[in-house]
Amino acid sequence: MVIRNSCFLIVLIVLMGSFVGCYQRTVAPALTFDQKNAETLDNEIKKMEWD
Amino acid sequence: MFRLFFQLTIISSALLVTAGCERSEPPVFRFNSVEWVKQEKTHLSEGEHFPEEYKTEIGTIMTALFGTPDDPKFPFFLGDEDPAHDIISIDNLRMSAGPTRVDKRKSASGLYREHCAHCHGITGNGAGDTAASLEPYPRDFRLGKFKFKSTPLRSPPTDHDLTEILVNGIPGSAMPSFRTLPPEQIQSLVEYVKYLTMRGQFERFLLGELAALDGEPLIDLSLVDKPDGEEPSDDDIEEFEEQMYIVIGEGLQERIIDRWLRTERKVTKIEPAPPEFDLKHEGHSEFVQQGRELFFAKGNCMQCHGDTGIGDGQLNNFDDWTNDWIKSAEVDPEDPATYSDFSAVGALPPRPVKPRNLTRHYYRGGDHPDDLYLRLRNGIEGTPMPASTAMTSDEIWAVVAYVRAMPYLDSKKNGAVKPVNEKQVMR
């Protein structure tokens, strides 16, 4: 009984590991940005008279 | 033996318990690298690349305007008076953005990540973790094209169109129905899809503009953000505002947001069906026969759907999401070596778009006669299915009647030829 449960647990962990491995698939790189410039631009956009 | 298993169990349990203890980085929007490679191949010689700083410049503008997956923003240029409040609400975006959770008041957030991101991706690029194994591929929102809608080609869908897709799903695809979600959550997801779409459309616009600028910045912040707090000159301010107007005023507001604002006014009117459309009408058989003749002649439907309607007429076309990069870069869809640069940045292998098998009685855009009328009248955006501009509304209704009768007709009696590519058609 203990052996069967242990086997079951090991198989479960291997499957979870495979799932986690698959879930990490990412090809396109993350968007890089300059935080300070983004804030400056945000402020400039708010300051501008758009209409 | 028992001891070995016991030890393994302890070790495995320890691994399981510690897995996930490390704090993960918050999700980020992904750069549109496929468009980047396409622009490189369009503007540069073989082997040349744009500077990496271009990516940061685009990322900075995008983040200033649209925020991040955990903290979305939307550019309401006119503040509280901005008409864009009619199509996007920040509260609704926040309900769909961020990590999935429900607070003590049962107020949900992170709906997009819970229901959509595994197929459509955090960025809405149609490249979620399950995307490669699905047929058809999940929709990449960034092109701004939607297939099943009540508006004409080149017009965005209405909220109602997107709601219908979410509520009913898309039969014959992996898109499920979310009918069990409360209406406010559906509306939140609709607005989040629009947000991702406009964001993606603008990123594509920026990439195209930057690629054509030959090294000049899109928006030169150094004109107004001087070192040591120096005041910018009037000329600098004027030039900066000109850049802002071209990139954000024209590129985002006029080309993208305004089109979404106008789309409700562009809904196609569905003309009422003639009495013969009714199955019980004595002239219905003749009406179906008229539809059949239109199917083969004026409508030219059999060119793609085949003589028997099983969708075996044209099997080597691609949709716009694939054509967008394979046509511009002279890619041979049959030869993976010719698109390895695109595959390396996440482009999924090209798959031909398959015309609908009309004998199966399920239709991706809905099986109500009005749905079929709209597919014929407006075509299906992003696919080879054209708008039937030459047919009158009665003629379209006749084709709809024939299409709806097709699953029950004996093709041999109708004089149709035998299917030619039966194994390759949609089931």
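Odds and ends about this structure:
- Mean accessible surface per residue for segment B:25-267, computed with a 1.4 Å probe while every protein chain stays in place, in Å²: 46
- Segment B:190-329 - convex hull of the alpha-carbon atoms, volume per residue in Å³: 208
- Across segment B:25-267, the volume of the C-alpha convex hull divided among the residues equals 175 Å³ per residue.
- Convex hull volume per residue in cubic angstrom - Cα atoms of chain B: 251
- Dipole check for the protein assembly as shown: with +1 at the C-beta of Lys and Arg, -1 at the C-beta of Asp and Glu, and the Cα centre as origin, the magnitude is about 3820 Debye.
- Additional length obtainable on full extension of the chain from residue B:338 to residue B:174, 0.36 nm per residue less Cα span: 56.1 nm
- Loop-located trypsin sites (Lys or Arg not before Pro) in segment B:47-107 (DSSP state not H, G, I, E or B) with no more than 11 neighbouring Cβ atoms inside 10 Å: B:104, B:105, B:106.
- Neighbourhood net charge (15 Å Cβ-Cβ; Lys/Arg +1, Asp/Glu -1) for residue B:272: -4
- In this Cβ point-charge picture (+1 for Lys and Arg, -1 for Asp and Glu), chain B has a dipole of about 3320 debye about its Cα centre.
- Long-range Cα-Cα pairs in segment B:299-361 (distance over 12 Å), rounded percent: 69
- Cut-off 10 Å between beta-carbons: net charge of the residues surrounding residue B:361, Lys and Arg +1, Asp and Glu -1: +1
- Qualifying GluC sites (Glu not before Pro) for segment B:242-338 [loop in DSSP, other Cβ within 10 Å: at most 16]: B:282, B:330, B:334
- Sparsely packed trypsin sites (Lys or Arg not before Pro) within segment B:141-180, loop by DSSP, other Cβ within 10 Å at most 13: B:154, B:179
- Neighbour net charge for residue B:29 - beta-carbon separation under 14 angstrom, K R +1, D E -1: +1
- Per-residue ellipticity at 222 nm from helix content only, as computed over the protein assembly as shown with -39500 (n - 2.57) for each DSSP H run of at least four residues, stands at -13000 deg cm²/dmol.
- Taken over the protein assembly as shown, the percentage of Cα pairs per 20 Å bin, counting from 0 up to the bin with the maximum distance, is 20, 47, 27, 6, 0.
- Since only B:90, B:54, B:388 are under comparison, the one whose Cα sits farthest along the positive direction of the charge dipole of the protein assembly as shown, derived from C-beta charges on Lys, Arg, Asp and Glu, is B:388.
- Of all the options B:239, B:35, B:46, the one that moves most in a Gaussian network model of chain B with Cα springs shorter than 10 angstrom is B:46.
The values are calculated or read from the model by the stated rules, or taken from the named source; none is laboratory data. The shown structure was predicted, so the numbers you read here are calculated from the model rather than taken from an experiment. Because the Cβ atoms are built from the backbone with ideal geometry, glycine has one as well, and the counts that use them run over all protein chains shown. SASA here: full protein model, heavy atoms, side chains in, ligands and nucleic acids out. Shrake-Rupley method; radii C 1.70, N 1.55, O 1.52, S 1.80 Å.
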